[in-house]
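Single-structure report; data block below.
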Amino acid sequence: MNETQAAGAATLDTFPKLLAENARRRPGRPATREKDLGIWQTWTWGQVAEEVRALACGLAVLGLRPGDKIAIIGDNRPRLYWTMAAAQALGAVPVPLYQDSAAKEMAFVLDHAEVRFAMVEDQEQVDKLLGIQANDLRIEQIIYDNDRGLRHYDRDFLQSFEDVQAKGREHDRANPGFYEAGVANGKGDDTAIILYTSGTTGQPKGVVLNFDNLVRTARNSIDFDSLNENEDVLAYLPMAWVGDHLFSYGQSYVAGFCVSCPESSDTVLSDLRELGPTYFFAPPRIFENILTTVMIRMEDAGWIKRKMFQYFMAVAKRHGIRILDGKSVSIGGRLLYGLGGLLIYGPLLNTLGFSRLRVAYTAGEAIGPDIFDFYRALGVNLKQLYGSTEACVSITAQPDGEVLPDTVGRPSPEVEIKITEAGEVMFRSPGVFVEYYKNPEETANTKTEDGWVHTGDAGLFSENGHLKIIDRAKDVGKLTGGTLFAPKYIENKLKFFPEIKEAVAFGHDRDFCAVFLNIDLEAVGNWAERHHIAYASYQELAANPQIRQILKSHIEAVNRDLASDPNLAGSQIHRFLVLHKELDPDDGELTRNRKLRRNVVSEKYETLIDALYSDAERAHVETEVTFEDGRKGSIAADIDIVTAETFPGAEPLERAS
Amino acid sequence: MTQKARQIGDTLLKVEGVSLSFGGIKALNDVSFEIREREILAIIGPNGAGKSSMLNVINGFYHPQEGTITYKGKTRKQMKPHAAAKTGIARTFQNIALFRGMSTLDNIMTGRLLKMRRNFLWQAIYWGPAKQEEMAHRASVEQIIDFLEIQSIRRTPVGRLPYGLQKRVELGRALAAEPDLLLLDEPMAGMNVEEKEDMCRFVLDLNDEFGTTIALIEHDMSVVMDISDRVVVLDYGRKIADGSPDQVRANKDVIDAYLGVGHD
């Protein structure tokens, strides 16, 4: 496979060309799957090529011209992926959007990208666009995948996917060679896609990537993990996110493997189990959620099962990781681990859908070492990578056998990394983005003239040549006593506890560290059920004093842990409170990728932060919330503030006060 | 909102002079109205007005002492619930009546029971015709699951589902019978705003896509006014108004009934 890749590399420089190649070389192999009406439907590479061809011609009939932008909005659906290839075949540029973003955010991107066409999943998205359309936008054609509820819309700029394809087939018959000419026209340095980053600060920026960026990065990462056409991948992360674009589109077209789309966004975990992917990417949050579910179900299990689980998990932690890394393990250890495999690990992995998994990656945020070790102990080859949209994902990745929970690995193939004097990580690679769309100022701020890109992350190389990311460069702070304060580090420690869904640590320029907590409704709700505690709302459950006690013990466990590290002993958590509402992207507190927006949270909950740093035992707060339909309301609550026990540690720095 | 393109047709069901009493209590008193093909009819009224009794009369659970019901051109005085089900009337209940220990899928499958042609013996053998039939039924149940967007709870025992979803499953079971006339007894009771909006959408969509005629009882006036083509108002067992939502809203008797003017 490698020699053909090398031979074809010169000419196979765009995705439409790769699609044609796949249709020629492996016409009968599955390319796309989707679960529809309870059954997995499959399209082969040959069929996908036909679908894309008909769609591309149809789009051309509707007037999509080279250089036009076509927005793609919806869950991961085969037809939306095909739209990318179809647009690229015409020289048009797909612009995938986060499907759950509010109309206002969407309007900004649609306007900024000068989108003329939109391919959307269903009525919900059509309605959203029609709402935006009213404020004079320039979308000229909207094409929808699912016609449910749309039969009577009857507007001439609304078309169904089938109709467009039918027009395309007609056009194709009348103009043979039109599609091939369009595909042949594409070049490696053409713009392939514009991905808008959700942006923890400010307006989203449109990252322009060309085919060379994506195809070369895909080739390199495929070689790195020796992926081939037999992989099975589940596409369930937002299509607007660069990771999904690389894993579910780029790598699939380059390596020729099959991408499966879940039935709906709610069924991902059961679809995962049915499918059993061989190659899987998930942000730490998903691995966390899966682990939480396992732990909850084990707590509900009978005591024999529970004891067996506990015993063999301890065995796995002792031996499993060493076995996975190919290190020496005693015969007894191997036997015990083998027995555990029969009794616990095998069935558990099967339940999770990880039985066939060869490579799993996580990235986006630091993963708690305990979570990471849990999967590796079970024999899942879970690795970390570090990447960004501006790099087409790959900056660093952990090679097999060199996996450490606290690093993100070595530079990926063809990537150079340097660390500035200020501690910021910079990189240069073939995947480096072309520019931010219509934003030369930001482009110049981020990318130097000789191609080095600022990441904004603070990092350092450990002695074994692995990169370690500490935090966002701007988030790492100091307590007034001088102790290093890395909020994310503390938050991640807290978030490992199943009861804690989200944590926000404060401490920069303060005397001590204090945190906000969000309970995990599933885990805590389950606990409440088992203890016969009735509750009517999230707020009521969050305010339960017994739960506060449990959280307090968790905080103290973290404090004990921090106390053992001389650099961090000073950043133990002194006070905490449990928030009355969940932090939510709709309220702007998290990004669409569910990353914390620190500034928003500290502004919005200023009164609570003040209370944390006073002697108050209770604080009153009133917050505005946005419901799913966009209406606003407000929640008021009195929140108890708890003081946690801290432990003496070897404090390296003398406190000034 | 979109323009409704469907055509409201002829009378599907006609209730004439129906009176129903339990001992000395007159639950229904000389009520007459009609349900037309493909319309959404709401039956409203204060508590104890006889709304649920009316539905029970329509699907044959109660037998009125007086009056007739004409359904699909056949006039009858009495009807058995199973006969009603066979002729295309399906319903949901005010208090959810599902098999709590069974999965969503199985619960909806029970709605197909009347459509199963193979006898017990064939089903016991399983292979062959019964299996074919089961697959066909499963396919149509999957359509309903897709329609109601409950794929994620396909295998979940209904007893573990939240109330709003249970209501949805119950609607699914009623739909599985492919009814011509669907009776919904307070489909949105006890739901939050979001669940209500979802339910409204399903009611409108199924009326629109499958042309199902729907008679529903509902207390939430904004829902009633939004989705129904016609409203029948009952009070103390008598019909006090019948007309479009706007007509009913302006009707003085209706306002009195709701605001509680004394009856003497």
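The values are calculated or read from the model by the stated rules, or taken from the named source; none is laboratory data. The structure displayed is predicted, hence computed values, not measured ones. Cβ: placed from backbone, ideal geometry, glycine included. Neighbour counts: every protein chain shown.
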TODO: Write out, first by first residue and then by second, each pair whose Cβ atoms fall under 6 Å of each other, whose residues are 6+ apart or on separate chains, and whose first residue, in the range B:64-86, is assigned by TED's automatic domain parsing to the domain that holds B:Phe33 while the second is among the charged types (D, E, K, R) and modelled with pLDDT of 85 or more.
DONE: B:Gly67/B:Glu16; B:Thr68/B:Glu16; B:Thr70/B:Lys14
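Go through the range A:597-626 and give me each residue that's free of Cβ contacts under 8 Å to residues at least 40 places away in the same chain and over 17 Å from A:Phe516 (Cα atoms).
Step one: list which residues in the range A:597-626 are free of Cβ contacts under 8 Å to residues at least 40 places away in the same chain, which gives A:600, A:603-604, A:606-607, A:610-611, A:614-618, A:620, A:622, A:624.
Within the range A:597-626, just A:Glu624 meets the criteria.
Only one residue in A:Ser221, A:Ser226 is more than 15 Å from A:Leu55 (Cα to Cα), free of Cβ contacts under 8 Å to residues at least 24 places away in the same chain and not assigned by TED's automatic domain parsing to the domain that holds A:Gly401, so which one is that? Working first, answer last.
Working: A:Ser221 fails: free of Cβ contacts under 8 Å to residues at least 24 places away in the same chain.
After applying the criteria, what remains is A:Ser226.
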TODO: Just give me the residues in the range A:160-185 being more than 36 Å from the chain's Cα centre (by Cα), among the polar types (S, T, N, Q) and within 22 Å of A:Ile142 (Cα to Cα), in sequence order.
DONE: none
Task: Scope the range A:151-199; condition at positive phi and away from every other protein chain (no Cβ under 14 Å); matching residues - done: A:Gly177, A:Gly199
- [ ] For the range B:184-191, state whether one or more residues are small (Gly, Ala, Ser) and modelled with pLDDT of 90 or more.
- [x] no
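Of everything in the range B:209-237, what is in a strand (DSSP E or B), within 23 Å of B:Pro179 (Cα to Cα) and in contact with a helix residue (DSSP H, G or I) (Cβ under 6 Å, 6 or more places away or on another chain)? Give them in sequence order. Reasoning before the result, please.
Residues of the range B:209-237 in a strand (DSSP E or B): B:213-217, B:230-235.
Now drop any that are not within 23 Å of B:Pro179 (Cα to Cα), which leaves B:213-217, B:230-232.
B:Ile214, B:Ile217, B:Val231, listed by residue number.
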Open item on the list: Step by step: first the residues of the range A:603-616, then only those that are surrounded by 11 or more Cβ atoms within 10 Å (Cβ to Cβ) and not in a helix (DSSP H, G or I), then the one that is nearest to the other protein chains (Cβ to nearest Cβ). Which residue is that?
Closed with: A:Tyr605
Task: Qualifying position, being over 25 Å from A:Thr278 (Cβ atoms) and among the aliphatic types (A, V, I, L, M), among A:Leu343, A:Leu336 - done: A:Leu336
Task: Which numbered condition B:Pro157 misses (of (1) surrounded by fewer than 17 Cβ atoms within 10 Å (Cβ to Cβ); (2) at pLDDT 90 or above; (3) within 12 Å of another protein chain (Cβ to nearest Cβ)) - done: (3)
TODO: Please name all residue pairs, on different chains or six or more residues apart, with Cβ atoms under 8 Å, provided the first residue is in the range B:125-150 and is at pLDDT 90 or above and the second residue is surrounded by fewer than 13 Cβ atoms within 10 Å (Cβ to Cβ).
DONE: B:Glu142/A:Ile39
- [ ] For residues that are within 8 Å of chain A (Cβ to nearest Cβ) and surrounded by 18 or more Cβ atoms within 10 Å (Cβ to Cβ), scanning just the range B:143-152, find the one that is nearest to A:Thr267 (Cα to Cα).
- [x] B:Ser152
Task: Where A:Phe117 falls short, out of the listed (1) out of contact with any helix residue (DSSP H, G or I) (no Cβ under 6 Å at 6 or more places or on another chain); (2) away from chain B (no Cβ under 14 Å); (3) under 28 Å from A:Gly588 (Cβ atoms) - done: (3)
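Let me confirm something: among A:Val233, A:Val208, which residue is at pLDDT 95 or above, within 22 Å of A:Ile286 (Cα to Cα) and surrounded by fewer than 24 Cβ atoms within 10 Å (Cβ to Cβ)? Let's see the steps before the verdict.
Working: A:Val208 fails: within 22 Å of A:Ile286 (Cα to Cα).
Every option except A:Val233 fails the conditions.
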- [ ] Would you please name the residue that is surrounded by the most Cβ atoms within 10 Å (Cβ to Cβ), looking only at residues in the range B:170-198 that are away from chain A (no Cβ under 14 Å) and part of a helix (DSSP H, G or I)?
- [x] B:Arg173
Task: Checklist (1) of a type in the set (Ser, Thr, Tyr); (2) assigned to a helix (DSSP H, G or I); (3) within 23 Å of A:Pro238 (Cβ to Cβ) applied to A:Tyr311, failing item - done: (3)
Open item on the list: Among the residues of the range A:272-291, are any crowded, with 17+ Cβ neighbours inside 10 Å and within 14 Å of another protein chain (Cβ to nearest Cβ)?
Closed with: yes
TODO: Filter the helices (runs of 4 or more DSSP H) completely within the range B:66-142 down to those with at least 2 residues that are within 14 Å of chain A (Cβ to nearest Cβ) and within 23 Å of B:Leu181 (Cβ to Cβ).
DONE: B:104-110
- [ ] Report, by residue number, each residue of the range B:209-220 that is within 22 Å of B:Asn95 (Cβ to Cβ) and at pLDDT below 90.
- [x] B:Glu218, B:His219, B:Asp220
Open item on the list: Quick check on the range B:203-210. Is at least one of its residues more than 14 Å from chain A (Cβ to nearest Cβ), touching a residue at least 60 places away in the same chain (Cβ under 8 Å) and under 18 Å from B:Ile8 (Cβ atoms)?
Closed with: no
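Residues A:Arg169, A:Arg151: which one is free of Cβ contacts under 8 Å to residues at least 60 places away in the same chain and among the basic types (Lys, Arg)?
Just a single option satisfies the conditions, and that option is A:Arg151.
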TODO: Could you run through the range A:232-268 and say how many residues are within 11 Å of the chain's Cα centre (by Cα), part of a loop (DSSP other than H, G, I, E, B) and more than 14 Å from chain B (Cβ to nearest Cβ)?
DONE: 5
